[in-house]
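Chemist: Pasting in a structure now, in structure tokens, and then I'll have a few things to ask.
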Amino acid sequence: MTERLSTSGLAGTGSAAGDRLPPARFAYDRHTWKEIAHLLANFPAALLGFTYVVTMLSVGIGLTVTVIGLPLLAAGLLGARQLGKLERARTRALLGVRVDEPSPLPLRSGRGFFAQLWMSLKDPVGWRTVLYAFIRFPWGVATFVVTLTSLFVLWPVLPFIARGLANADRAMVRGLLSPSDELERRIAELESDRGIVVDTAAADLRRIERDLHDGAQARLVNLAMGLGLAKEKLLEDPDAAAAMVDEAHGEVKLALQELRDLARGIHPAVLTDRGLDAALSSVASRCTVPVKVTADLTERPAAAIEGIAYFTVSELLQNVSKHSGASSASVEVWRSSDRLLIQVEDNGHGGARLDGGTGMKGLADRLSAVDGLFVVDSPEGGPTTITAELPWRDRTGADAAGSRPRG
């Protein structure tokens, strides 16, 4: 998790090292002239921004007593976002500051008019741009006057003055016009996780449909045909009819077994009725390798977390049976603060990887979609230790009602 946060959290600031400028000196170079051009352009840019936000706020707030006031204010904040975009482009071209663009507001996500209106009114990016425009006006006037005066009076030391004023501009842009790193990272993660959840649910539905069509449904069709033939032969050839009924009885047993397996794959009854400890012991009993299960849980987590933990262990034990070459394995489940931890270990030949084609990448994606963690430690020659971490959520009343033993 540390690695993921550290790599994603640098999205907005990772370019700072690459934006390092040469030190200021008496000689005028292209960086100095760009900084001077930026400082001289501060006044018209700040005047434009200040005029816009003052007009927008005065008209929008002044008309809040009418039905058009709040929509005008919301539209004005969307326009302020465009001002911020122009300022980021100007500082990128003249000051070498590369600031990531904030995520656009999801105004086309199917929400109603009032939900979109409220989203626009509480947009932190728009309001920070408004604050930037207010601060920039006196600052823009001051930098314009100081730079223009120094260009004629203090030109020998102007590179140092320009560097100092430009650095203040850089800090202002990074502080007020850059996206919130944590918020933007979280938004990107949630969008990715939502896609993973949707894709996983669709894949599960296709699997269930395929299993029903190719398994139980096909057997039930054969059963119906066999019983129809037996009915026709019942009077003509009772012995052949009895044989057909006996064969149909076998088909019924197989169809029932396939339906039980399919139901267990959707959500096993033992998990609902008796909890994670019993469900994992049931999974371990079907593994071809002897498995020791230790579940140190004083209470049950939320049904969704419990289900994910069950299917994670089930998939990992299937991998142990098929791919590990192990002679023994162990499963440990325990709670640590607000996290549910799972560790599956085997003494096989190792070499397991997330991209090894054993379904581990899918497990990692599923856990990531609920703020979980999936770590594989499997050197060549073994042993293999896989740790899964899930957020702990307490069981609700609906979960408890659903877990009552069925009579």
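The values are calculated or read from the model by the stated rules, or taken from the named source; none is laboratory data. Every value quoted in this text rests on a predicted model; they were computed, and no experiment measured them. Cβ placement follows ideal geometry from the backbone for every residue including glycine, while neighbour counts extend to all protein chains displayed. These accessible areas exclude ligands, DNA and RNA; they are computed on the full protein's heavy atoms, side chains included. Shrake-Rupley method; radii C 1.70, N 1.55, O 1.52, S 1.80 Å.
Chemist: For LEU40, project a label point 7 Å along Cα to C-beta. Then give me every residue of the stretch 116-151 with its amide nitrogen under 13 Å of that point.
Modeler: 144-151
Chemist: Using label points projected 7 Å from each Cα along Cα→Cβ, tell me how many nm separate PHE152 and SER330, to one decimal.
Modeler: 8.4
Chemist: I'd like the FRET efficiency for VAL67 and PHE134, computed as 1/(1 + (r/R0)^6) with the beta carbon distance as r and R0 of 45 Å, rounded to 0.05.
Modeler: That pair, VAL67 with PHE134, gives E of 0.95.
Chemist: Then there is this: Using the beta-carbon distance between VAL252 and ALA304 and R0 = 45 Å, what value does 1/(1 + (r/R0)^6) give for FRET efficiency, to the nearest 0.05?
Modeler: Rounded to the nearest 0.05, the efficiency is 0.85.
Chemist: What number comes out for the charge environment of ALA352, summing +1 per Lys or Arg and -1 per Asp or Glu over other residues with Cβ under 14 Å away?
Modeler: -3
Chemist: Next question. Which length gain, in nm to one decimal place, applies between ARG30 and ALA89 when the Cα-Cα distance is subtracted from 0.36 nm times their residue separation?
Modeler: Answer, rounded to one decimal: 19.4 nm.
Chemist: While we're here: Karplus couplings for the stretch 235-247 from phi (6.51 cos²θ - 1.76 cosθ + 1.60, θ = phi - 60°), rounded to Hz, Gly and Pro as x?
Modeler: Once rounded to whole Hz, the list reads 8, 6, 9, x, 5, 5, 5, 4, 5, 5, 5, 4, 5.
Chemist: Going from most exposed to least, what order do ARG128, ARG170, ARG92, ARG353 have by accessible area with a 1.4 Å probe?
Modeler: The ordering from most to least exposed comes out as ARG353, ARG92, ARG128, ARG170.
Chemist: What FRET efficiency, computed as 1/(1 + (r/R0)^6) with R0 = 35 Å and r the Cβ-Cβ distance, is obtained for ASP273 and VAL375, rounded to the nearest 0.05?
Modeler: E(calc), rounded to 0.05, equals 0.65.
Chemist: Continuing with this model, one more query. Compute the distance in nm between two label points, each set 7 Å from the Cα along the Cα-to-Cβ direction, one at ARG339 and one at LYS122.
Modeler: Label-label distance for ARG339 and LYS122, simple model: 3.0 nm.
Chemist: When N is the residue count of the stretch 271-406, what does its C-alpha Rg come to as a fraction of 2.2 N^0.38 Å? Write down the numbers at each step before the final one.
Modeler: Details: Rg = 14.7 Å, N = 136, 2.2 N^0.38 = 14.2 Å.
Output field value: 1.03.
Chemist: Mind ranking HIS38, HIS31 by accessible surface for me, highest first, 1.4 Å probe?
Modeler: In descending accessible area the options line up as HIS31, HIS38.
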